[in-house]
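Notes follow the structure.
The values are calculated or read from the model by the stated rules, or taken from the named source; none is laboratory data. Note that this is a predicted model, so its numbers are computed, not measured. So basically every Cβ, Gly included, is an ideal-geometry build from the backbone, and we count neighbours across all protein chains shown. Protein only, heavy atoms only, side chains kept; ligands, DNA and RNA dropped before computing areas. Shrake-Rupley method; radii C 1.70, N 1.55, O 1.52, S 1.80 Å.
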Amino acid sequence: MALSHTILAVLSREPLSGYDIGKRFEESVSCYWQASQQQIYRELGKMEHQGWVTYKTLPQAGKPDKKIYSITDAGKAELTRWYAEPTEPTPIREDLLVKVLAAPYVSVDILIQELQRRRQVHQSKLIDYQAMAAVHQTMANPPKAEQFRYLTLRRGIRYEQDWIDWCDEVLDVLKPT
């Protein structure tokens, strides 16, 4: 999947500035897709060149003009084309797994420290995602778009919980007997 398809999906809901697209990434898709503001702006430029997005300039007092991007018919067609393609699992490429593999040959204490650190990183993200889920659960009849956003959030919650469980499993194996 390309960053452009994620941006098209976000813009399908409503026109947004590049900055606001970045905020939506943080609020809605960070559990499965991350991009810096610089990457988003660079991609928006490419997408404009391809005719997938257009923008209107919004003048601002004392600041540079703001560009509000909208998906075009060509962008909708591209999103539909991409949407129809089958998906494949993303290959795992994880340094921590290599460190676990190397554990018999190096200091296990370093691995334990790293596992504890990584567990905390995933725990922190899990707490953030659970807070987002709690907000969703207060909605009586969320719109369809919100329901599907929640489903992706649920996957992010499971991802972080699985990492925590796996770190605990490895730490249990590493405990001195």
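List of remarks:
- Per-residue 3J(HN,Hα) values for the stretch 78-83, derived from phi via the Karplus relation 6.51 cos²θ - 1.76 cosθ + 1.60 with θ = phi - 60°, read 5, 4, 5, 4, 5, 4 Hz in sequence order (x marks Gly and Pro).
- Among Leu126, Leu79, Leu97, the largest mean-square fluctuation in a Gaussian network model of the chain, built with springs joining Cα atoms closer than 10 Å, belongs to Leu97.
- Against the criterion of solvent-accessible heavy-atom surface with a 1.4 angstrom probe, Thr177, Thr6 sort, most first, into Thr177, Thr6.
- Estimated at the nearest 10 Å², the accessible area of Ser36 is 50 Å² with a 1.4 Å probe.
- The accessible surface of the chain, taken with every protein chain in place and a 1.4 Å probe, is 55 percent carbon and sulfur.
- Label-point separation, Asp168 to Glu48 (7 Å along Cα→Cβ), nm: 4.9
- Rg/Rh (Cα only; Kirkwood hydrodynamic radius) as it applies to the stretch 4-131: 1.13
- Take the stretch 93-171 with all the other protein chains still there, run a 1.4 Å probe, and you get 68 Å² of accessible area per residue.
- Heavy atoms of His136 accessible to a 1.4 Å probe, total area in Å² rounded to 10: 20
- Of all lysines in the structure, those lying under 25 Å Cα to Cα from Lys23, and not within fewer than 8 positions of it along the same chain, are Lys46, Lys56, Lys63, Lys66, Lys67, Lys76, Lys125, Lys144.
- Exposure check, 1.4 Å probe, all protein chains in place: Trp166 carries approximately 60 Å² of accessible surface.
- Arg93, Arg149, Arg42, ranked by accessible area, largest first (probe 1.4 Å): Arg93, Arg42, Arg149
- The amide H of Lys67, built 1.01 Å from its N in the peptide plane, has Gly18, Leu58 as neighbours under 5 Å, considering only residues 5 or more places off or on other chains.
- In this label model, Leu151 and Trp33 are separated by 1.6 nm, measuring between points 7 Å along each Cα→Cβ vector.
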